[in-house]
Amino acid sequence: MSPRADDVADDAKLMPLDEPRPVSAEELALLAALVEAVGSEALSEQVARAEVVSVCSCGCPSVGLRSDGPALPSDVVRQLSDVGRDDAFALSAWGVNDEGRDVEVTLHVVLGRLEELEVWAGWDGGEVQTALPAAETLRPT
């Protein structure tokens, strides 16, 4: 039986991979859709050059990211932040996966760089292991 949200919420963390791996086609489609909503050329370039450097310990499809694309300046980060922070912001949307589950997808940007693609399906206390939603099903949170 896979872990449930109530069992992993406090213990989940990104675990470094021995070697970075390419972003999968599904991950890339989600990243591109999230970034397209803000129209940032620098973020789009980061997405195009991103690689996965860590995976979540709980078994969900969340991944840590790294990119050598250009960082966003702090004034742009502040504009994109819902709370006016100049060091971090998040882009979120809901989608539906091929299992029919609602899945929240959040791209965390820290210090102007892609940091994490967080994928959360345990919002209802259900299992955290899930398939990624299709990018075309994403809708704003």
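The values are calculated or read from the model by the stated rules, or taken from the named source; none is laboratory data. Note that this is a predicted model, so its numbers are computed, not measured. A quick note on method: Cβ atoms are made from the backbone with ideal geometry, for glycine too, and the neighbour counts reach across all protein chains shown.
Restricting attention to segment 97-106, the residues that are part of a strand (DSSP E or B) and among the acidic types (Asp, Glu) add up to 2. When you look at VAL109, is it assigned to a strand (DSSP E or B) and either of a type in the set (S, T, N, Q) or under 19 Å from VAL23 (Cα atoms) (or both), yes or no? The answer is yes for VAL109. Checking SER57, SER67 one by one, the residue that is under 28 Å from ASP18 (Cβ atoms), at pLDDT below 95 and among the small types (Gly, Ala, Ser) is SER57 and no other. Here the condition is being at pLDDT 95 or above, in contact with a Pro (Cβ under 9 Å, 6 or more places away or on another chain), surrounded by 15 or more Cβ atoms within 10 Å (Cβ to Cβ) and charged (D, E, K, R); of GLU51, GLU118, it holds for GLU51 alone. The residues on offer are LEU72, LEU114, and the sole one that is within 20 Å of PRO133 (Cα to Cα), in contact with a Lys or Arg (Cβ under 8 Å, 6 or more places away or on another chain) and not aromatic (Phe, Trp, Tyr) is LEU114. Scanning segment 91-121 for residues that are in contact with an Asp or Glu (Cβ under 8 Å, 6 or more places away or on another chain) and among the small types (Gly, Ala, Ser) yields SER92, ALA93, GLY95, ALA121. Checked against (1) loosely packed, with under 15 Cβ neighbours inside 10 Å; (2) at pLDDT below 95, ASP7 passes all but condition (1). Among the conditions (1) outside any strand (DSSP E or B); (2) touching a Pro at 6+ places or on another chain (Cβ under 8 Å); (3) in contact (Cβ under 8 Å) with a residue 60 or more places away in the chain, the only one that GLU26 does not satisfy is (2). Per this entry, ARG21 is not counted among residues that are among the basic types (Lys, Arg), in a strand (DSSP E or B), surrounded by 15 or more Cβ atoms within 10 Å (Cβ to Cβ) and in contact (Cβ under 8 Å) with a residue 12 or more places away in the chain. Only residues that are over 22 Å from VAL77 (Cα atoms) and in contact with a helix residue (DSSP H, G or I) (Cβ under 7 Å, 6 or more places away or on another chain) were counted in segment 88-103, giving 2. Looking across GLY64, GLY59, one residue alone is touching a residue at least 40 places away in the same chain (Cβ under 8 Å) and in a loop (DSSP other than H, G, I, E, B). It is GLY59.
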